[in-house]
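> I am attaching a structure below and will ask some questions about it afterwards.
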Amino acid sequence: MVNINFKPIEEVVILEEIRFDNPQDFFKDLRSGAPPGATVTALWAEGIVFRHQGLPLNVEPVVKERMEGKVYWSSVKYAEMPEFKESASVGRETIGIAKAGSPTLKEIAKELRSRIKESG
């Protein structure tokens, strides 16, 4: 018999926060570094559209901390977008948007939304 254990994420450390005043500026930024026709995606939850960049998982200290429940993101870019939509257009290019399904991603979106509200 095999024991199966689930180890949930206990902490997410975000090293850089990049907030956009509106979704269109966020989408333009995401497309800016991508070649024409490349697939670009973002996540949506709790009225926030966002994209994160994790740290490489092949670095020993990162792996060790991940095994202990701590995840590092090098950055998160985000904007307020109250209504979900499946895609957004930037010129002739499209950005796919998926609903974030994990509880961790939803909690992060709530935190990002509260940061927008706090800054007024």
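The values are calculated or read from the model by the stated rules, or taken from the named source; none is laboratory data. Quick caveat: nothing in here was measured; it's all calculated off a predicted structure. SASA here: full protein model, heavy atoms, side chains in, ligands and nucleic acids out. Shrake-Rupley method; radii C 1.70, N 1.55, O 1.52, S 1.80 Å.
> Report, in listed order, any pair from LYS64/LYS99; LYS7/LYS117; LYS28/LYS70; LYS7/LYS106; LYS64/LYS85; LYS77/LYS117 with a Cα-Cα distance greater than 26 Å.
From LYS64/LYS99; LYS7/LYS117; LYS28/LYS70; LYS7/LYS106; LYS64/LYS85; LYS77/LYS117, over 26 Å: LYS64/LYS99; LYS7/LYS117; LYS28/LYS70; LYS64/LYS85.
> Restricting to Cα pairs below 8 Å that are 6+ residues apart, what does the relative contact order work out to for the chain? Please round to a whole percent.
About 36 percent, as a whole number.
> Okay, moving on. Using the heavy atoms of the protein chains alone and a 1.4 angstrom probe, what is the accessible area of the range 11-118 per residue in square angstrom?
Per residue, the range 11-118 has an accessible area of 60 Å².
> Still on this structure, please answer the following. I need the per residue convex hull volume for the range 11-118, using only the alpha carbons, in cubic angstrom as a whole number.
Hull volume normalised by residue count: 108 Å³.
> Among TYR72, TYR78, what's the order by accessible area (1.4 angstrom probe), most exposed first?
Ranking TYR72, TYR78 by accessible area, largest first, yields TYR72, TYR78.
> At what distance in angstrom do the alpha carbon centres of the range 74-120 and the range 1-72 lie from each other?
Between the Cα centre of the range 74-120 and that of the range 1-72, the gap is 11 Å.
> How do TRP73, TRP44 stack up against each other in accessible area, from largest to smallest, with a 1.4 angstrom probe?
Final ranking, largest accessible area leading: TRP44, TRP73.
> Mind pulling the angle between the C-alpha long axis of helix 103-119 and the longest principal axis of the chain? Nearest 10 degrees, somewhere in 0 to 90.
The angle comes out at about 50 degrees.
> Also, I was wondering about something else. Quick one: pull the percent of accessible area on the chain belonging to carbon and sulfur, 1.4 Å probe, ligands and nucleic acids left out.
51 percent
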